[in-house]
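The values are calculated or read from the model by the stated rules, or taken from the named source; none is laboratory data. As the structure is a prediction and not an experimental result, all values here were calculated from the model. Virtual Cβ from ideal backbone geometry, glycine too; neighbours counted across all protein chains shown. Accessible surface areas use protein heavy atoms only, side chains included; no ligands, DNA or RNA. Shrake-Rupley method; radii C 1.70, N 1.55, O 1.52, S 1.80 Å.
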Amino acid sequence: MANDRDPFTSPFGTIFSDKITTAVGADGTYTYSGSAEPLADLSLHPGTHALHYGSTCFEGLKAHRQPDGSVAIFRLDDHVARFQQSIGLLYLDVPEADLIRQMIIDAVVANADDTPVNPGALYIRPTMIGTEQNIGAAATPSKSTLMYMLNSPVGDYFAGGIRPLTLAVEQSIPRTTPQFGMIKSGANYVMALGVTLDAKRDHVADQVLFATAGDITETGASNFFLVRDGEIVTRNLDTSFLHGVTRASILTMAGDLGYEVSERSLTVDELLAWGDGGEVFLSGTAAVVAPVGTVIVDGQKTTIGDGQPGPNTLKLREALTSVQDGTADDPHGWRTVV
Ligand code: COI
């Protein structure tokens, strides 16, 4: 059981469950103890590859409390596949999907009592670290690794629940490099930090929307959508930004609900002209579906609609969360009950 702090009043990601699963990799072979163990500090050599050359990545997925009291992991296999993709792009040895899957399930089973009721969840943070002790290995991958599944009971990522967010649009500085965006790597987040801190200070912005030369991709922590009655648009995938599992879920559900779905390039001009009934929202495992009320471009504020969460945004959020929390059917087989 995690300590008795309340996930709904504590900042996202600051409470940790007290069981973890861990596997050690050496020359392509992973060794897992086979069960969850007590959470403990890591002991790392100061010359650990990940600490010097950034050979580390992670995943973010959630387990949700179901009406019958059980717990279901949302889109487990898709997150396993994306974790494998990130690991491979860092040239670390990619574990078998079955091992990653089992370690996630074992951790969630061990920490299941920590799962808050909706809209809370048990956040799952699979993590991979290159552990080779070699500060000369700047141009060679780490041959040894550590993989673990950390759990954290969470409430809302954006403090204040469902409220209209303010986005500052950044058109000069990219979030990351064009080839690294699809890796879920801490490097991408720290690269966005300076711009994000400036936007918080100057505009009280919640997130920065990266749109280099007007080409919208994503915000620091979520994917980006335009929606209005009958139509939803998001940026087509490429290697420059994260391939959100929540993003994919929304596109599928929007199609099910009869929306015309487009994945294509999106410009800042189009965002500003999105028009009558136009709504903007962000999506992510942590962000869920988060409405946007204001965008700031070159210091100029534009209110989206009446500045409040719109009906299409709220409908899609409800469609997503009701599959996650088991109050709706699961036609696409996205829940894994543990
Ligand atoms: C997630 O949505 O899972 C993320 O990793 C975003 C992070 C900033 C909490």
key: For the chain, calculated [θ]222 nm from helices alone, where every DSSP H run of n ≥ 4 adds -39500 (n - 2.57)   = -7000 deg cm²/dmol
key: Set of lysines near LYS200 by C-alpha distance (under 16 Å), chain-local residues within fewer than 8 positions excluded   = LYS301
message = I'm checking a number: the convex hull volume of the Cα atoms of the chain, normalised per residue, in Å³. What is it?
response = 131
Additional length obtainable on full extension of the chain from ASP6 to THR140, 0.36 nm per residue less Cα span = 43.9 nm
Under 10 Å, Cβ to Cβ, from ALA290 - net charge with Lys/Arg +1 and Asp/Glu -1 = 0
task = Rounded to the nearest Å, what's the spacing between the alpha carbon centres of the stretch 152-228 and the stretch 99-115? Just the number, please.
result = 29
request  = Take the Cα gyration tensor of the stretch 165-324, multiply each eigenvalue by 5, square-root it, and list the three semi-axes largest first, rounded to whole angstrom.
outcome  = 23, 18, 14
Modelled FRET efficiency - R0 35 Å, GLU37 with ALA248, Cβ distances, 0.05 increments = 0.60
message = Leaving out ligands, DNA and RNA, and with a 1.4 Å probe, what % of the accessible surface on the stretch 19-154 is carbon or sulfur?
response = 53
query = What size of dipole, in debye to the nearest 20, comes out for the chain about its Cα centre when the only charges are +1 on Lys and Arg C-beta atoms and -1 on Asp and Glu C-beta atoms?
reply = 420
Å² of accessible area per residue within the stretch 19-154, as computed with a 1.4 Å probe and no ligands counted = 42
